[in-house]
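Worksheet: one structure, shown below.
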Amino acid sequence: MIPVSFDYVRATSVADAVAALVAGGEDAKVLAGGQSLMPVLRLRMAAPTVVIDCSRVTEMQGITDAGDSVVIGAGTTHHEVMNNPLINEHTPLLAMATATVADPAIRHRGTLGGALAHADPAGDLPAVALALDAVMTVVGPQGSRDIPAAELFTDYFTTSMAEDEILVSIRVPKLGPGWGYHYEKFQRTAQGWAIVGVAAAVQRNNGTINQARVGLTNMGPGPVRASSVEQALTNAAATAESVAAAAQSATDGTRATSDLHAAADYREHLARVMTERAVAKAAGI
Amino acid sequence: MSHIPISVTVDGTTYDSEVEPRTLLVHWLREDIGRVGTVVGCDTSSCGACTVLLDGQSVKSCSVLAVQADGQSITTIQGLAEGEDNWHPVQTAFKECHGLQCGYCTPGMVLATVDLLGENPTPTEAEIREGLEGNLCRCTGYHNIVKSVQYASDLMSGGAR
């Protein structure tokens, strides 16, 4: 279908984009890569009065080394994220999960910031941001503020960003030495959405798992941190048995739903099995 | 809603045009400048039939607004050959290996392949299948499409495979 008519603003700076967003009111929509927004517009699930294109805002581009973290412009494409040397060296879990998003043509356009702000429960990157304790920098008419991933995702396709705020950059803390990682994704078709996904990072010291971070995709209205699994893995033996035991609590705190792809109890089964696999691979077991 | 002026280079020719902001790139290519070699398939970002190269990268032209292409350069299936008798090696390979049945997905498959081989000149079979995962062939002619990509890789890298 053809989208509804809307006005178009090509922002040249973050301030410019925020001003347009304020002027546009509640029916303004921010466009980054557009790979989620365009289907929504074509299906007329959204009818914005104005679309504010941020894809040429240079302040929202670029990947920089900030010492203990990597700062990624919200407008960085998936293709840039998965091929960037800084990200591959310091936060490889993000690169690995990004490589599973959609297909190459969509990854050329779609952006990290767009995927996080869109907050699709089946999106791969919110769970990674949550597991890695990423921090979002958002800018609105009152200025800039930081939102930790744990406070960003509030409901289906909903974040704690205000209507007049724009996600500008994402700070991802570096994984130190001794960390392994894995993103496990279950999908029915090649470029399909995750029916369930598990992002795992594990710090191992010889025969012991020091600590683990586990984020779950599509096990609730937003990404879920598998805190019970993380606690069970803290100072646990790095063995297949202890990982399997810890993974049994993967569904604690989840609210899986049933849809045409999977029933809730099947998703819960997947979460346990895939958490076991993701943690084992991340721990090199 | 006002029209927006855009200037886009398509297959080597620059077109100055005025578009409604909602105009999809694929519709502008087909209806405004007559580049009908780029086809609309699923209209849901899934099938890749409308794939073109935007500044050298494969994109689904049903998922880009025409205004977003302002100032950029597009290659469609109609701009790939250097002339009637001088096809792009990927086109030659799809013909030689019969990498098509009904042919509807072919423009997108060929352009996705050009992009894939640009990034990875000698892909494995698995890398080919993954690299083309955003392009669907509803005749399910994938086997010969993979062969075509392998043959194109041979042609372009002088048999380095």
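So the values come out like this:
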item: Extreme residue, farthest from the chain's Cα centre (by Cα), among residues of the range A:77-89 that are open to solvent by less than 30 Å² (accessible area, probe 1.4 Å) and within 14 Å of another protein chain (Cβ to nearest Cβ); result: A:T77
item: Any hit, the range A:151-158, residues being in a helix (DSSP H, G or I) and either assigned by TED's automatic domain parsing to the domain that holds A:T64 or within 15 Å of the chain's Cα centre (by Cα) (or both); result: yes
item: Every pair of residues 6+ apart whose Cβ atoms lie under 6 Å, when the first sits in the range B:138-150 and is farther than 14 Å from B:C47 by Cβ while the second is β-branched (V, I, T); result: B:V146/B:I128; B:V149/B:T113; B:V149/B:I128
item: In the range B:118-137, residue farthest from the other protein chains (Cβ to nearest Cβ) [restricted to those that are among the small types (G, A, S) and touching a residue at least 12 places away in the same chain (Cβ under 8 Å)]; result: B:G118
item: Residue list for the range A:23-71, filter: more than 14 Å from chain B (Cβ to nearest Cβ), over 28 Å from B:S46 (Cα atoms) and not hydroxyl-bearing (S, T, Y); result: A:A23, A:G25, A:E26, A:E59, A:G62, A:I63, A:D65, A:A66, A:G67, A:D68, A:V70, A:V71
item: The one condition in (1) in a strand (DSSP E or B); (2) aromatic (F, W, Y); (3) under 29 Å from B:S46 (Cβ atoms) that A:W193 fails to fulfil; result: (1)
item: 1 or more residues open to solvent by 60 Å² or more (accessible area, probe 1.4 Å) and among the hydroxyl-bearing types (S, T, Y): qualifying strands (runs of 3 or more DSSP E) within the range B:1-99; result: B:13-19
item: Subset tally (residues that are within 13 Å of chain A (Cβ to nearest Cβ) and more than 15 Å from B:L111 (Cβ to Cβ)) for the range B:31-57; result: 6
item: Answer from A:A32, A:A17, A:A46 - the residue that is buried (at least 22 other Cβ atoms within 10 Å of the Cβ) and touching a helix residue (DSSP H, G or I) at 6+ places or on another chain (Cβ under 7 Å); result: A:A32
item: Residue check for A:A264: out of contact with any strand residue (DSSP E or B) (no Cβ under 8 Å at 6 or more places or on another chain), hydrophobic (A, V, I, L, M, F, W, C), modelled with pLDDT of 95 or more and open to solvent by less than 50 Å² (accessible area, probe 1.4 Å); result: yes
item: Qualifying position, being under 25 Å from A:P223 (Cβ atoms), open to solvent by 10 Å² or more (accessible area, probe 1.4 Å) and among the hydrophobic types (A, V, I, L, M, F, W, C), among A:V40, A:V70, A:V4; result: A:V40
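The values are calculated or read from the model by the stated rules, or taken from the named source; none is laboratory data. Fair warning: this is a prediction, and the values are worked out from it, not measured in the lab. Every residue, glycine as well, gets a Cβ built from its backbone with ideal geometry; the counts of neighbours run over all protein chains shown. SASA here: full protein model, heavy atoms, side chains in, ligands and nucleic acids out. Shrake-Rupley method; radii C 1.70, N 1.55, O 1.52, S 1.80 Å.
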